[in-house]
Structure formats: structure tokens, C-alpha cells
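Engineer: What follows is a structure written as C-alpha cells; I'll ask about it next.
What follows draws every value from the coordinates through simple rules; no lab data is involved. Fair warning: this is a prediction, and the values are worked out from it, not measured in the lab. Positions of Cβ are generated from backbone atoms using ideal geometry, with glycine treated the same way; all protein chains shown enter the neighbour counts.
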């Protein structure tokens, strides 16, 4: 039988319940992002590693996990037995991208006895339900909390929030963010009676230095989460989802906190006209912008184009990305050549003006690396100059990710890493097709560089694979290059 809680009400969970699914759901209105915080008896997190959200969907010890969203429903699974003894409370919250929680209809939280890993809660397993009826202008909202009292686990319906979003929530739970919120206290708080007195707070070391007993696996900081929340306020739901998907790929590579500048080099040769006209270049621009928002504190991507010449097109960001390609086409005509070196020269001059895009034979260190997404559908018409540019750029902290658009035997298809090579006549056709981009493979594998600074893959259609697969491809070799670049002194910062 389900217990329906009033605001501030609590219920004791049966001792036989070792794992619970806390399901956050709603009927309509702004999209919500679930999160969970693991708190000590002082009511504070131990470190950023105790914050579980879409970019960091698992706590350090694995006791708290956030499942992928299903429709409007998100699920936080808590293995009560695996929680460290110093954790006394798991707070379950939601946040929006700047819209009021009060605009969400049918907001409620359900607690189920958890099934096996990866399974959905079974019908009839609902233990507790708490419905939110009085949310207002808040943009971050605590729905409920699991807490330990006298050896028993209980669930309480909380229902209070912060008009200052994640920044307010983070500050109240002991996390220092870069820009303190205007108000760190819940808006219009309703006192929540504690069933038993909480233990006296213990001194807590200044955040973010965690106790030495807490393993640190490269967590995502709440400061970054707050930064993303501010940047994404007002962005379309599709862009918000793209940024989150990019963050998941980075988290898998242990790069959630990595910072870099991001550049996009677009081929504007005449053969690209169909890709521009069909909106495929616009879609690709939005996907690369999502990566830039994760990497760059400014949330922008520098765009360069190349055909006969190389051009600096300025930044692509969350304010101007919609219809950006249409604007580009109004002032930039397609050109009748494909000069890779022209683009490389402009990029190098932009980030390292002292090079003037010319020869370099000594390392040029910098705090932040540059990640360049280089997109083309044709063979270079300036191969010698392009080889020189890649060799000279190997002394700079620039990584070149080449993506060819066209039919080759090395195409990446949906759900696969590459198309298998064929033998006989089919193999001959494949090799003829592949020759269109053999030069990009050469740049990928070229000898004589200070550091291997490039990677290559091809797609028959840039929209043929999903966002997750594309982001994984973009991070295939970059982390390894970054490790070497740091070891060789090219990258000196994060």
C-alpha cells in the first residue's frame, strides 16, 4: 500500500528494503533535470564527488545512480546498504534551465522498492508518494530526502527550493561556487519538522578540500554545473539535450572538468552546396557548439571557413547559433577550390599570432589547448602546404580532428566503428572511393611531427549517426593526445 505524504511528512522504510528507486515525474511544463546530493550529518557534502547529475550520473562508491531520462521521468536509484557510514542523507532535487518550477504541472516523486540493476520499478512496488502543489518561482527544488535515524532509513517529502537555481542549492549544502548567488536560502521556506533531533554538527573543513578517505575520480564540479545552468538558460530544449549528451561522452573519458578552446573549420567549396542547402551543416554546427559549451567557459566555438582562401567567421555561441549557417551563406559565397592549408594558417594565426601561420620548429606551450573540428568533402588542392602546416602546428597545443564527408571504405556507420573492407571487385571500388580521402589518412599518420596531432574518420552523411556516437568519435584520440601534450610541455593548464 502506498503512503501519500504531506509536505514535511515522513515514513520509515522497511528494513528488508535495501535498494530504492526514487522516481521524479511530471505531466507537462518545463523540462526538469534530476540530481542527488550525498550529505554527512552536518548537512553538507564532502566534496563535488557527492553531487550526482546528468554529467556525473554515479556517486564515487556506486551507491547512488541516475538513470537516463525516459519521457518526462527520471529515476535515482539508491543502494542504502552501500552508502558510506558517514553519509546520513541523500537529497533528491530537480532544476530547470531558468524557468520556474511552478510552471510544471503534476510534479511528484515516488519511492519504489528497487528491482535488479537496469530494470524499471515493477507495478505495485510503490512505497511512498509525495506530490508538489505549491512550487512557485524556484528554479531548483528539493522534492524529498532519504535519511538515516537511529539505524532506520526514512523518506521525507520536502518541497522547497531556490530562486537562484543550482547556485543557491549548492551554496546551502556547503559548496562554494565561482559567483555566489543573490540568495542562498530557499524561497518562501516552509519549516519541515524533524522527527528526531539531528546530531550536533561537526566542524567541516573548508570546501573543496575533501577528507583523505574520499576517493576522487575526476568528478564534475557543481561550479561547472552552475555555469552550464546559466549559459543554457533560454536555450532550446534540443540544444540543452545536446550539451548534456556531449557532457556524458566527456564524463566517460574522464574529461568532465577539462577546459579547451574549440574551433570549427568548414569547407565552403562548391561541392558542399547540397549539405548546406539541406541543413546538414547547420546541424553539425550545433553539435560542435554543444561540445564547445562543455569545454569553454565562454560557451563559444570559433568558426573558420576555407575554399580558395581561409576566412575567420567569428564566434558561434548560444545567442546566435539558430540560423547561423543561413547568415553565413548570405555573406560568404561558395568557392571553387579546397585549400586545407589556408584554413590551417588562419587558425594558427588566430590562436598563436606570433606564428603568423608560418614555420615553427620549437614547442610553443599554452595553458589551454585548441580542439579543431575540420570538415571537408573533398581532396586538398594544396597538399604540400597542408603537410607543412600540420608539421609546424605539431609544436603548438592544437589537435586536428578531420572529418571527411563522402563514401569511403572507412565510413563510420550508425552503431559501428567502421565499415568492413571487402575483397574482389567490391574491394577495388572501395579503394577507388577511399582514395578521395587518402590524404587525410596521410595527415593522420604522418611522420616527422613533434607530436601526433591529428585524427581522421569519414561519414557518408554527417547526420547519419546519433549524437552520442558522434561525441564518442570526437573524443576517440583527443584524450591520448592531451596526455602526451602535457607530458611534452605543450599544455600547461587544466
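Engineer: Once you have the alpha carbon radius of gyration of the stretch 235-487, what is it after dividing by 2.2 N^0.38 Å, with N set to its residue count? List each step's numbers first, then the result.
Structural biologist: Numbers: Rg = 17.3 Å, N = 253, 2.2 N^0.38 = 18.0 Å.
Here the answer is 0.96, to two decimals.
Engineer: Tell me the relative contact order for the stretch 235-487 as a rounded percent, counting alpha carbon contacts under 8 Å between residues six or more apart.
Structural biologist: Values: 441 pairs, mean separation 50.0, N = 253.
It comes to 20 percent, rounded to a whole number.
Engineer: Further question on the same structure: Highest mean first, how do 21-32, 442-453, 299-310, 326-337 rank when packing is the count of other Cβ atoms within 10 Å averaged over residues? Walk me through the numbers on the way to the answer.
Structural biologist: Numbers: 21-32: 19.1, 442-453: 16.2, 299-310: 21.5, 326-337: 13.3.
Order by mean packing, descending: 299-310, 21-32, 442-453, 326-337.
Engineer: Using the per-residue mean of other Cβ atoms lying within 10 Å as a proxy for protection, in what order, highest first, do the peptides 152-160, 468-476 fall?
Structural biologist: 152-160, 468-476
Engineer: Compute the distance from the alpha-carbon center of the stretch 2-16 to that of the stretch 453-494, in whole Å.
Structural biologist: Their Cα centres are 48 Å away from one another.
Engineer: At R0 = 35 Å, how high is the FRET efficiency between residue 464 and residue 350 if r is their beta carbon distance? Nearest 0.05 is fine. Mind showing how you got there, number by number?
Structural biologist: Values: r = 31 Å, r/R0 = 0.88.
The formula returns an efficiency of 0.70 here.
Engineer: Which residues in the stretch 16-47 have a backbone N closer than 15 Å to a point placed 7 Å from the Cα of residue 150 along the Cα-to-Cβ line?
Structural biologist: none
Engineer: While we're on this one: Let me know the Kirkwood hydrodynamic radius for the stretch 437-494, please, with Cα pairs as the basis and the value in Å to one decimal. Please report the intermediate quantities before stating the final value.
Structural biologist: Details: mean 1/r = 0.0757 Å⁻¹.
Answer for the stretch 437-494: a Kirkwood hydrodynamic radius of 13.2 Å.
Engineer: Taking a ≥ b ≥ c as the square roots of the Cα gyration tensor eigenvalues, with a/c under 1.5 meaning rounded and otherwise prolate when a/b beats b/c, else oblate, which class fits the stretch 219-373?
Structural biologist: Here the stretch 219-373 falls in the oblate category.
Engineer: While we're looking at this one, here's another question. Compute the length gained on full extension between residue 61 and residue 31: take 0.36 nm times their separation in residues and subtract their Cα-Cα distance, giving the result in nm to one decimal.
Structural biologist: On the way: separation 30, 0.36 × 30 = 10.80 nm, distance 2.87 nm.
Residue separation times 0.36 nm, minus the Cα-Cα distance, leaves 7.9 nm.
Engineer: Can you tell me which of 367-373, 96-102, 459-465 comes out highest on packing, and rank the rest after it, using the mean Cβ neighbours within 10 Å? Write down the numbers at each step before the final one.
Structural biologist: Values: 367-373: 21.7, 96-102: 19.4, 459-465: 16.9.
Highest mean packing first, the order is 367-373, 96-102, 459-465.
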